[in-house]
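A short worksheet on the structure shown next.
The values are calculated or read from the model by the stated rules, or taken from the named source; none is laboratory data. All values derive from a computational prediction rather than experimental measurement. Because the Cβ atoms are built from the backbone with ideal geometry, glycine has one as well, and the counts that use them run over all protein chains shown. These area figures cover heavy atoms from the full protein model, side chains too; ligands, DNA and RNA do not enter into them. Shrake-Rupley method; radii C 1.70, N 1.55, O 1.52, S 1.80 Å.
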Amino acid sequence: QVRLVESGGGLVQPGESLRLSCVASGISVQFRNMYWYRQAPGKERDLVAHIASGGQTNYADSVKGRFTISSDNAKNTVYLQMNSLKPEDTAVYYCRSPSGNYWGQGTQVTVSS
């Protein structure tokens, strides 16, 4: 059984940082493309960052230079380091493995003063 479990969300002030984690079981992140998406209230779910099985990364323009996606194969975990957070980053963040279309349950990030 495949599971993706996100954690690390919370309430922070603008300019602060958070690191989200996505722990995978039933699949190996080392051999898969992995994605982080987010969905703000009343909006569609958007792709935030992508890490390929070979380690290449891509980011949405809105987060370039502030967010970093990475993976730890030994821990079978994908991370999203989020720096210089803005109120518009407020959303539920989801981890996804497109191969098999597996999604996590999401973790809430709220950026507010």
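Overall, the chain carries a charge dipole of about 180 debye about its Cα centre when +1 sits on the Cβ of Lys and Arg and -1 on the Cβ of Asp and Glu, all other atoms neutral. Dividing the mean sequence gap of close Cα pairs (under 8 Å, 6+ apart) by how many residues the chain holds gives a relative contact order of 37 percent. Taking a sphere under 12 Å around the Cβ of VAL23 and counting the other residues whose Cβ falls inside, with K and R at +1 and D and E at -1, yields a net charge of 0.
Between ASP61, ASP89, ASP72, the GNM of the chain built on Cα springs shorter than 10 angstrom shows ASP61 fluctuating the most. Exposure check, 1.4 Å probe, all protein chains in place: PHE31 carries approximately 150 Å² of accessible surface. Applying Stokes-Einstein at 20 °C and 1.002 mPa s to the Kirkwood radius of region 48-104, computed over alpha-carbon pairs, gives a translational diffusion coefficient of 172 µm² s⁻¹. Element breakdown for the chain at a 1.4 angstrom probe: carbon and sulfur atoms account for 43% of the accessible area.
Within the shell of other residues whose beta carbon sits under 11 angstrom from the beta carbon of TYR79, the net charge comes to 0, with Lys and Arg scored +1 and Asp and Glu -1. Partner lysines whose Cα lies under 18 Å from the Cα of LYS64, excluding those fewer than 8 positions away in the same chain, are identified as LYS86.
Legend: residues VAL92, VAL63, sorted from most to least accessible area (1.4 Å probe; ligands, DNA and RNA excluded), read VAL92, VAL63.
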